[in-house]
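Structure first, then comments.
The values are calculated or read from the model by the stated rules, or taken from the named source; none is laboratory data. Given the structure is predicted, the values throughout are model-derived calculations rather than measurements. We place every Cβ from the backbone using ideal geometry, glycine too, and count neighbours over all the protein chains shown. Calculation scope for accessible area: heavy atoms of the full protein, side chains included, ligands and nucleic acids excluded. Shrake-Rupley method; radii C 1.70, N 1.55, O 1.52, S 1.80 Å.
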Amino acid sequence: MPMHSKSVPLLSVGGLKKYFPVRKGGVIKAVDGVSFDIARGETFSLVGESGCGKTTCGRTILGIHRKTAGSVKYDGAETETFSKQQEKRFHKNAQMIFQDPYACLDPRMTIGAIVKEGMHEYFKISESEKQERALELLARVGLPHGFVSRYPHELSGGQRQRVGVARALALEPELIVCDEPLSALDVSIQAQLINLLISLQQELNLTYLFISHDLAVVRHISDQTGVMYMGALVELGDSDVLFRKPAHPYTQLLFSSIPTADAKSVRKSVRANFEDEMPSAVNPPSGCRFRTRCGNAETICSREAPALRKLGDRHCAACHFV
Amino acid sequence: MTPLLSVRNVNVSFRTQFGEVKAVRDVGFEVTERETLAIVGESGCGKSALAKSILNLHIHGNGIVQEGSEVLYRGENLLKMGKKELNRIRGRKIGMIFQDSMTALNPTSTIGDQIAEPLIIHGVARKNEVKMRVEELLRSVRIADPRERMGSYPHQLSGGMRQRAMIAVSIACSPELLIADEPTTALDVTVQAQILDLLCALKDRTGMAIILITHDMGVVAGFADSVLVMYAGGILERGSKDEIFGGPRHPYTWALLNAIPGKAMARKSRLYSIKGDPPNLLLPIDGCAFAARCAFCMPVCKRCRPKTTKITETHSVRCWLTHELAPKVRRGVNAHAQ
């Protein structure tokens, strides 16, 4: 459900669906009716387990996948009806940082060429200006000047991910979709990159759609958080509220699974209420998709899929019993 | 009490086209019975190379365990054993779980057969009992319909189930020590919690000791009795869980703990981060391996490697800051670990 904000949200996703056909004539509903808004300058995080559709959601929003149904509005305008020119502007304004810093950089290009590549298309500036800008960007993400003529294989994972950030920044975007940008990195390097993303947001008023399964990180950086399960949002809200008082049973299961030292037995007993195995995505359960794992499931859960219901000012959950 | 496992002075290196990489440097520690020891460190710090050297698995790869290294299992040096003797220990007394269950399990054989294999080889179960034991084992790792699942091939199982199947293989002969090398790294949090719960339950029931290798401080906090912090192939700090989380002494341990965003922190506040990258293991390291990235680095740190200082009977640290002449520094801002 849309969050209320006075101005038009930068990104507004409504009823987004993305189905993938599979052999034997079925479909996988990777994203099945997801709606949320992101206000300018804010961070919205999508969390969930692998296969829940969070990455597909991010990619469909940017048009990397063609959506099956639903609407994606950027700055109030529907992206589907964009003219060629508008579409080009959208691709400049909405950038992406990828999960795998090893796979997302062309091994045959120098770091400078990688950072400059997008500029050729979008900025009518001279080669020397591009070079200057590339150097500026490298400095901005904390890489030494000399890296401009290096190749990706000479860099560590953390350095490569910085290059990925510099490449995204090169086009002066407003929105950056960060698809698990930290999962390939070690904790100490993760912290460096989190700090970088936070300071860039504050300086450039960037908007982030942050896709992650790391709940501690999400809690730290996001204003709003959406929890996905089998292609749908089960809970959505202000990060402070959501992490303090998770309402949906799945969110509770997810949060109780984070390993910590405190109150082990309490968390274990929370988890004991849930079934372990995820159902098949081709053949999802009727009604509420979480019911096969949920300890509180009753007959209504198999008949009716719960809709997102408002629980508070900026908090909603899709469960019959909240 | 004699320790179950005693690792002394272990050095492991790899020959590469660029030169010799010293992956493990002068590592020594002990594991007592029923203890869960976590080895933490970032990628490339040598934790897996160390784990492999315990079972002398490097002879199958290109790792070289240097002369003088000792891994004593109940007093016997595993590194000096012949293949036959070693195979009596591997899988029987010491089991191992690997990070990637897809590559560790044999894709051409059913999980039932793979669990039965150690039982038959070590003669733990009689022929007519094997099937029953396999079923029991599958049930003990909480795989539903064990009888049906026995006939499944690894690719037919989900990641979590495969990991359980691998645990079943490694505990088949009720080993005294289980080495778990990043057993949950490739798994989702909910599945990770299930696997860790399972290992806890198995440990309580069988009383085996566990060496858990991980990079996740959260996992350590939830699971271990004692902790070993590794960096660039060497041990920087060792202590009980409470000592490491409550009163860590090495700046690297501080950094590791502070780098995780905690509940108490303000949203979007700066995280403590370690500047720079780990040292190149191709080059010799003079002094402390962490010196170049340490916020408290002193001139001596770059020249001489610090000795191990005992803080308590269980807590020891390798840092010049523990020297009596060193300035007294306090651990950075906050002390959350959770």
**Asked** For the stretch A:151-188, which residues satisfy the criterion of being outside any helix (DSSP H, G or I) and within 14 Å of another protein chain (Cβ to nearest Cβ)?
**Response** A:LEU155, A:SER156, A:GLU180, A:LEU182, A:SER183, A:ALA184, A:LEU185, A:ASP186
**Message:** Quick check on my filter: what residues within the stretch A:192-229 are within 18 Å of A:ILE61 (Cα to Cα) and more than 13 Å from chain B (Cβ to nearest Cβ)?
**Reply:** A:THR207, A:LEU209, A:ILE211, A:GLY226
**Complete:** By residue number, the members of the stretch B:281-314 that are open to solvent by 60 Å² or more (accessible area, probe 1.4 Å) and in a helix (DSSP H, G or I) are B:ALA292, B:PRO299, B:LYS302, B:ARG303
**Request:** Could you figure out which of (1) surrounded by 14 or more Cβ atoms within 10 Å (Cβ to Cβ); (2) without any contact (Cβ under 8 Å) to a residue 12 or more places away in the chain; (3) hydroxyl-bearing (Ser, Thr, Tyr) isn't true of A:THR81?
**Result:** (1)
**Message:** Of the residues A:PHE147, A:PHE90, only one is open to solvent by less than 40 Å² (accessible area, probe 1.4 Å) and more than 14 Å from chain B (Cβ to nearest Cβ); which?
**Reply:** A:PHE90
**Asked** How many residues are modelled with pLDDT of 90 or more and open to solvent by 40 Å² or more (accessible area, probe 1.4 Å) when one looks only at the stretch A:263-294?
**Response** 4
**Asked** Taking B:VAL10, is it over 19 Å from B:PRO278 (Cβ atoms), part of a strand (DSSP E or B) and modelled with pLDDT of 90 or more?
**Response** yes
**Complete:** Checking A:VAL270, A:VAL282 in turn, the sole residue that is under 26 Å from the mean Cα position of the chain (by Cα) and either within 22 Å of B:LEU187 (Cα to Cα) or of a type outside the set (S, T, N, Q) (or both) turns out to be A:VAL282
**Message:** When you check B:PRO278 against the structure, is it crowded, with 18+ Cβ neighbours inside 10 Å and either in contact (Cβ under 8 Å) with a residue 24 or more places away in the chain or closer than 19 Å to B:ALA38 by Cβ (or both), yes or no?
**Reply:** yes
**Item:** B:PHE29 vs. criteria buried (at least 19 other Cβ atoms within 10 Å of the Cβ), among the aromatic types (Phe, Trp, Tyr) and under 30 Å from B:ALA255 (Cα atoms)
**Value:** yes
**Message:** Given (1) part of a loop (DSSP other than H, G, I, E, B); (2) among the small types (Gly, Ala, Ser); (3) open to solvent by 50 Å² or more (accessible area, probe 1.4 Å), identify the lone condition not met by A:ALA297.
**Reply:** (3)
**Prompt:** If you check every pair at least six apart or on different chains, which have Cβ atoms under 9 Å apart with a residue in the stretch A:234-245 that is within 14 Å of chain B (Cβ to nearest Cβ) and among the hydroxyl-bearing types (Ser, Thr, Tyr) first and a residue that is open to solvent by 10 Å² or more (accessible area, probe 1.4 Å) and not in a helix (DSSP H, G or I) second?
**Reply:** A:SER239/A:ASP223; A:SER239/B:ARG267
**Request:** Filter the stretch B:197-256 down to residues that are acidic (Asp, Glu) and in contact with a Leu (Cβ under 8 Å, 6 or more places away or on another chain), then give me how many there are.
**Result:** 2
**Message:** With within 28 Å of B:VAL189 (Cα to Cα) and touching a residue at least 12 places away in the same chain (Cβ under 8 Å) as the only criterion, which of A:GLY53, A:GLY70, A:GLY76, A:GLY118 stands out?
**Reply:** A:GLY53
**Message:** Would you confirm, using the coordinates I've provided, whether B:GLU237 is closer than 17 Å to B:ILE39 by Cα, open to solvent by 30 Å² or more (accessible area, probe 1.4 Å) and touching a Lys or Arg at 6+ places or on another chain (Cβ under 9 Å)?
**Reply:** no
**Prompt:** Got at least one residue in the stretch B:182-189 being open to solvent by 10 Å² or more (accessible area, probe 1.4 Å), hydrophobic (A, V, I, L, M, F, W, C) and without any contact (Cβ under 8 Å) to a residue 12 or more places away in the chain?
**Reply:** yes
**Request:** Quick one: in the stretch B:35-88, of everything that is within 14 Å of chain A (Cβ to nearest Cβ) and in a loop (DSSP other than H, G, I, E, B), which residue is nearest to B:ALA232 (Cα to Cα)?
**Result:** B:CYS45
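Results for (1) open to solvent by 10 Å² or more (accessible area, probe 1.4 Å); (2) at pLDDT 95 or above; (3) in contact with a strand residue (DSSP E or B) (Cβ under 9 Å, 6 or more places away or on another chain), shown as yes or no for each residue.
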position	(1), (2), (3)
A:ASN195	no, no, no
A:THR207	no, yes, yes
A:PHE210	no, yes, yes
A:ASP214	yes, no, yes
A:ARG219	yes, no, yes
A:ASP223	yes, yes, yes
A:MET228	no, yes, yes
A:GLY231	no, no, yes
A:GLU235	no, yes, yes
**Request:** Scan the stretch B:140-157 for residues that are surrounded by 15 or more Cβ atoms within 10 Å (Cβ to Cβ) and either at pLDDT below 90 or touching a helix residue (DSSP H, G or I) at 6+ places or on another chain (Cβ under 7 Å) (or both) and jot them down.
**Result:** B:SER140, B:VAL141, B:ARG142, B:ILE143, B:PRO146, B:ARG149, B:MET150, B:SER152, B:PRO154, B:LEU157
**Item:** Listing of helices (runs of 4 or more DSSP H) fully contained in the stretch B:142-244 that carry 3 or more residues being within 11 Å of chain A (Cβ to nearest Cβ) and within 15 Å of the chain's Cα centre (by Cα)
**Value:** B:217-223
**Request:** Considering only the stretch B:93-105, state which residues are open to solvent by less than 70 Å² (accessible area, probe 1.4 Å) and more than 17 Å from the chain's Cα centre (by Cα).
**Result:** B:LEU105
